[in-house]
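The values are calculated or read from the model by the stated rules, or taken from the named source; none is laboratory data. In this text, all values refer to a predicted model and were calculated from it rather than measured experimentally. Because the Cβ atoms are built from the backbone with ideal geometry, glycine has one as well, and the counts that use them run over all protein chains shown.
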Amino acid sequence: MPEKKASTAKKATSVNFESQLQQLETIVEQLEGGELPLDEALKVFEKGVKLSRQCQQLLAEAEQKVTILMENQEQAFEVDDQ
């Protein structure tokens, strides 16, 4: 059962990242459009900053996982070579 939880967590993270990235792209389009009143533009900008930070955190976590996997893979090759 732990494998299902890990798989579900990976899917949730991927969907979460993709969803957040899509929201961030929408925010950028809204702000670039220049149609929002100042107060609303500031609120949207603030939400965009939060989403950006969350996406950066998710990417950092993914990068860390890849690094760990690559290190484990290199260690496996070293054992096989001996």
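Residues checked against (1) at pLDDT 90 or above; (2) touching a helix residue (DSSP H, G or I) at 6+ places or on another chain (Cβ under 8 Å); (3) among the charged types (D, E, K, R):
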{"site": "6", "(1), (2), (3)": "no, no, no"}
{"site": "26", "(1), (2), (3)": "yes, no, no"}
{"site": "39", "(1), (2), (3)": "yes, no, yes"}
{"site": "49", "(1), (2), (3)": "yes, no, no"}
{"site": "52", "(1), (2), (3)": "yes, yes, no"}
{"site": "58", "(1), (2), (3)": "yes, yes, no"}
- [ ] Starting from segment 22-51, take each residue that is aromatic (Phe, Trp, Tyr) and list its partners that are surrounded by 11 or more Cβ atoms within 10 Å (Cβ to Cβ) and part of a helix (DSSP H, G or I), counting only C-beta distances under 7 angstrom and pairs at least six apart or across chains.
- [x] 45/31
